[in-house]
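The values are calculated or read from the model by the stated rules, or taken from the named source; none is laboratory data. Model, not experiment: these values are computed from the prediction. All Cβ positions, glycine included, derive from the backbone under ideal geometry; neighbour counts span all protein chains shown.
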Amino acid sequence: MNDMTQTKVRRGTLDATGDGDIGGMRQRIDEIDQAMMSLWRERARLSGRIGAARLAAGGTRLVLSREQQVLRRFREGIGSEGVQLALLLLRAGRGPL
């Protein structure tokens, strides 16, 4: 191991298996997190607008069948953690019940 590699290992930026650079992977995770937060805000805005339009048209505040579709899609796509994520997304768009 050369001096630079030893320094990276001590700093925790080099994957111990040698498969890649932890710092680079963490940077990519940060980029993904930023995109997810942006998408979260956009989704909440759109969902809020849909709810407001539905109420203005005399409809209900929420549509349970639609929420069930979202929950099912996330469960099938991610698993049990997906349900928790979907519940958070739904709440962000409609607010607490």
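Scan the stretch 75-97 residue by residue and report those that are hydrophobic (A, V, I, L, M, F, W, C) and either more than 17 Å from residue 39 (Cα to Cα) or assigned by TED's automatic domain parsing to the domain that holds residue 44 (or both).
Narrowing the stretch 75-97 to residues hydrophobic (A, V, I, L, M, F, W, C): 78, 83, 85-90, 92, 97.
If the condition is that a residue be hydrophobic (A, V, I, L, M, F, W, C) and either more than 17 Å from residue 39 (Cα to Cα) or assigned by TED's automatic domain parsing to the domain that holds residue 44 (or both), then 78, 83, 97 are the ones that fit.
Is at least one residue of the stretch 62-80 of a type in the set (A, V, I, L, M, F, W, C), within 16 Å of residue 92 (Cβ to Cβ) and not in a helix (DSSP H, G or I)?
Step one: filter the stretch 62-80 for residues of a type in the set (A, V, I, L, M, F, W, C), giving 62-64, 70-71, 74, 78.
Filter again for within 16 Å of residue 92 (Cβ to Cβ), leaving 62, 70-71, 74.
Restricting the remaining residues to those that are not in a helix (DSSP H, G or I) gives 62.
Among the residues of the stretch 62-80, at least one is of a type in the set (A, V, I, L, M, F, W, C), within 16 Å of residue 92 (Cβ to Cβ) and not in a helix (DSSP H, G or I), which makes the answer yes.
What are the residues in the stretch 34-61 that are outside any loop (DSSP other than H, G, I, E, B), basic (Lys, Arg) and farther than 16 Å from residue 86 by Cα, if any?
Of all residues in the stretch 34-61, those outside any loop (DSSP other than H, G, I, E, B) come to 34-56.
From the residues that got through so far, the ones that are basic (Lys, Arg) too are 41, 43, 45, 49, 54.
Correct list: 49, 54.
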